[in-house]
Amino acid sequence: MSTPQTPALQDWQDWRERRLAAVSAPYGPLALTGTHWLADHPDGRIAGLPGIWTADGDGVVLRAGDGDRLTVDGRPAAGAVRIGPDTAPDATRVRQGARHLLVLRREDQWAVRDFDPGAANRRDFAGIDVYDHDERWIRPGLFRPYGERRSVEVPHADGARRGLGLAGELAFTLDGDEHTLQVAVEADGSLWAVLADAGSGTDSYRFRFLRPPAPAADGTVSVDLNRTQLPPCAFADHFLCPFPPPGNTLPFALRAGERNRRRS
């Protein structure tokens, strides 16, 4: 028997389509072929990357020659050009043909990310396995902001420990029990949680993200666990995704949302 087409189900299906489009986009996470930390390359030369890249205070200096075939802001690069951090792969200032070289800053460390829409990882993408939509997983929630922003040090996917900024906790009930997640607040007011659950690493990926909308003035917000999503590092090994902070492992198996990258 087919599942009734409720508004919540239709919204979720639309969300799934947008997610697949974003993940498989030319400069989406599947296109990332490397994250190169400049501290590991004191001479500025990075194997496989054109040009010479040197960290310099609050920016990076790129030295390029005609043979590097690089452009900066759409113009051929020649000599030394100073570059600040990019905000997104599609806004990257430095390009070599279809390839985008994004400047990244994390805790005063600089890196160059290489996005290639022709990456084998993107060509071989077979989709995302998801759990069936279930309106049981749509819960009324309450955002409780902290008095001041906190930071907790957590492991990241590359093995390093870095600070994770947290702005409050998100509470919701399930089967009569209250559960809370520590969350960050994004620039647009929406929330972001890094979480695990009792099924992480077996039923689903080892951890996942949840991005509820901005809470109302009284802190109320819908928590749709059907939209739990895979982190970027589930699609490429070169992302620095943070692991869940203490307290963000749910005591039940969250059989909702994106489960794992589909293997062809």
For this session: Post the alpha-carbon centroid distance, the stretch 223-262 to the stretch 129-151, in whole angstrom.
Result: 12
Problem set entry | Principal-axis tilt of helix 7-23 within the chain, Cα atoms, nearest 10 degrees | 20
Problem set entry | Cα centroid separation, the stretch 155-183 to the stretch 33-56 (Å) | 34
Exercise. Can you tell me the Rg and the Dmax, both Å, for the Cα atoms in the stretch 165-210?
Worked result: 12.1, 34
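Keeping every protein chain in place, order Arg263, Arg122, Arg18 by accessible area at 1.4 Å, biggest value first, i.e. largest first.
Values: Arg263 170, Arg122 70, Arg18 140 Å².
Ranking Arg263, Arg122, Arg18 by accessible area, largest first, yields Arg263, Arg18, Arg122.
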Seminar exercise, completed: A 1.4 Å probe over the protein heavy atoms gives the chain a carbon and sulfur accessible-area percentage of 48
Exercise. Put +1 on the Cβ of every Lys and Arg and -1 on every Asp and Glu Cβ in the chain; which of Val152, Gly28, Gly141 then has its Cα farthest towards the positive end of the dipole?
Worked result: Gly28
For this session: Compute log10 of I(q)/I(0) for the stretch 129-240 with the Debye formula, placing one identical point scatterer on every Cα and leaving out solvent, at q = 0.11, 0.14, 0.22 Å⁻¹, to two decimals.
Result: -0.38, -0.62, -1.41
Exercise. Which label marks the calculated value of Cα Rg over 2.2 N^0.38 Å, given the options (i) 1.24; (ii) 0.96; (iii) 1.12?
Worked result: (iii)
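Compute, for the chain, the length of the dipole vector about the Cα centre, with Cβ point charges of +1 (Lys, Arg) and -1 (Asp, Glu) only. Units Debye, rounded to 20.
Working: 32 positive and 36 negative charges, 133 e Å.
Once rounded to the nearest 20, the dipole reads 640 debye.
The values are calculated or read from the model by the stated rules, or taken from the named source; none is laboratory data. Please read these numbers as outputs of a predicted model, since none were measured by experiment. Counting neighbours? That spans all protein chains shown, and the Cβs are built from the backbone with ideal geometry, glycine included. Accessible surface areas use protein heavy atoms only, side chains included; no ligands, DNA or RNA. Shrake-Rupley method; radii C 1.70, N 1.55, O 1.52, S 1.80 Å.
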